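So the structure is just underneath, and the comments pick up after that.
The values are calculated or read from the model by the stated rules, or taken from the named source; none is laboratory data. Source: prediction; values computed, not measured. Ideal geometry is used to build each Cβ from the backbone, glycine not excepted, and the neighbour counts take in all protein chains shown. The accessibility values were calculated without ligands, DNA or RNA, using every heavy atom of the protein model including side chains. Shrake-Rupley method; radii C 1.70, N 1.55, O 1.52, S 1.80 Å.
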Amino acid sequence: RSHIAVKLIVDNKLTFSTDGNGNDIDVIYSVFGREISDNLLEAFRCNARIKITGYVGRPRCSRSNRNYQLLFVNGRYVKSKTVTAAVDRAYHNLLMNGKHAVYSLFIDIGTEKIDVNVHPTKMEIKFSDESFIFDMIYKCVKEALDKERMISLHEEEKPEDEITVDDLFE
């Protein structure tokens, strides 16, 4: 909820704060720091059944644990083995063994399509169509990563001193 300002004060010291400006990247910066926020790629996928928005980390900012993986379904922080597996698959061959992707994904989907009664704390959810969710998350993350790689490849191919047609005939 990037539009809500939050302050955490511990022993009369400000430990954490967000300004509520509505910018998700600013909140991610406040929570995880500059290294993470500077290495995020925008992710988006939408159809009549689901909307996925958020950010995925460039492979170079991977982590040795899953603490930097955030999933929100209909505005609620949850965990999903299906989403985790789909993201892991999208990063296949991009991360070293033992490293995990960084992401903050938001899924909007009909409440009838999710089951929150999987775990006593209601933290873990299941979807009524797990293969559809896997496919949508995989494609969303893969597209963000592929778009970044295409931009990087294009920049690498550009020679520093480009020669124009006019230069050839001077």
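Think of segment 1-142 as a dipole: +1 on every Lys or Arg Cβ, -1 on every Asp or Glu Cβ, centred on the Cα centre; then among Asn12, Tyr29, Cys140, Cys140 lies furthest on the positive end. Once C-alpha pairs closer than 8 Å and six or more residues apart are averaged by separation and normalised to the residue number of segment 41-80, the relative contact order reads 25 percent. Within the accessible area of segment 13-110, the carbon and sulfur atoms contribute 47%, probe 1.4 Å, all protein chains present.
Charge dipole (Cα centre; +1 on Lys/Arg Cβ, -1 on Asp/Glu Cβ; no other charges) of segment 44-100 amounts to roughly 60 debye. Protection proxy ranking for 105-114, 8-17, 60-69, using the average of other Cβ atoms within 10 Å per residue and placing the highest first: 105-114, 60-69, 8-17.
In terms of distances greater than 31 angstrom between alpha carbons, the cross-link table entries Lys122/Lys142; Lys13/Lys142; Lys51/Lys99; Lys13/Lys99; Lys7/Lys122; Lys126/Lys147 yield Lys13/Lys142; Lys13/Lys99. At a probe radius of 1.4 angstrom, the accessible area of segment 1-55 per residue rounds to 69 square angstrom. Label separation (Asp38 vs Ser17): 2.4 nm, computed from points 7 Å beyond Cα along the C-beta direction. Were the residues from Asn47 through Asp129 laid out at 0.36 nm apart, the gain over their Cα-Cα distance would be 28.0 nm.
For segment 1-131, a simple Cβ point-charge model (Lys and Arg +1, Asp and Glu -1, everything else neutral) yields a dipole of about 240 debye relative to the Cα centre.
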